[in-house]
Amino acid sequence: MSATLLRALAHAHGHLGWLAAVALAHPAILLRRPRRRALRAAIAATALVTLAAACGACLYPAYRATIKPALFAGAPVVASLFERKEHLGIASVVLSWSGLLLHGFSGGADAEERHLSRAAFLSFAWAAALALAVAVMGTIVAVTRTF
């Protein structure tokens, strides 16, 4: 992959990450009320965070070969921050998919389905919080070293 393409993909990944953090907050806000349905918002937010993660996965081999060694040599704290960013990003994706599935299976007024709705809300709230942390960490890393 050329350096120009890597740079463009890295920029897209960063912008998608920030958009995903904001988008994940939307279903979290809507699902505070257990009987509220927000399936389209949940699908859109989950798709956006999944797309951001896919971009990151495409970038990872080039990052590992070129950026990671220099980052650990010159700024080990920032390099460690990137390592945490990866794990929290995956957790955000998993939580968003969990929230989507929980929200999809909830929908009635009985107590069990209200618990599913509450779990969906918590999944999206945590996914949004983690995605925001990941976006901040990614910005710090990108300011320090990028393609």
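The values are calculated or read from the model by the stated rules, or taken from the named source; none is laboratory data. No experiment lies behind these values; they were computed from the predicted model shown. Cβ atoms come from the backbone with ideal geometry, glycine included; neighbour counts cover every protein chain shown.
Structural remarks
- Only one of the listed residues (124, 105) is over 30 Å from residue 59 (Cβ atoms) and of a type in the set (A, V, I, L, M, F, W, C). That residue is 105.
Here is a yes/no grid of residues against (1) among the aliphatic types (A, V, I, L, M); (2) within 16 Å of residue 139 (Cα to Cα); (3) free of Cβ contacts under 8 Å to residues at least 12 places away in the same chain:
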| position | (1), (2), (3) |
| --- | --- |
| 20 | yes, yes, no |
| 23 | yes, no, no |
| 46 | no, no, no |
| 58 | no, no, no |
| 61 | no, no, yes |
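Listed here are the residues, each with its yes/no results for (1) farther than 16 Å from residue 126 by Cβ; (2) at pLDDT 95 or above; (3) surrounded by 16 or more Cβ atoms within 10 Å (Cβ to Cβ).
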site: 16; (1), (2), (3): yes, yes, yes
site: 19; (1), (2), (3): yes, yes, yes
site: 23; (1), (2), (3): no, yes, yes
site: 27; (1), (2), (3): no, yes, yes
site: 39; (1), (2), (3): yes, no, no
site: 42; (1), (2), (3): no, yes, yes
site: 72; (1), (2), (3): yes, no, no
site: 95; (1), (2), (3): no, yes, yes
site: 106; (1), (2), (3): yes, no, yes
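- Residue 68, sole failed condition from (1) in contact with a helix residue (DSSP H, G or I) (Cβ under 8 Å, 6 or more places away or on another chain); (2) exposed (fewer than 14 other Cβ atoms within 10 Å of the Cβ); (3) free of Cβ contacts under 8 Å to residues at least 40 places away in the same chain: (2)
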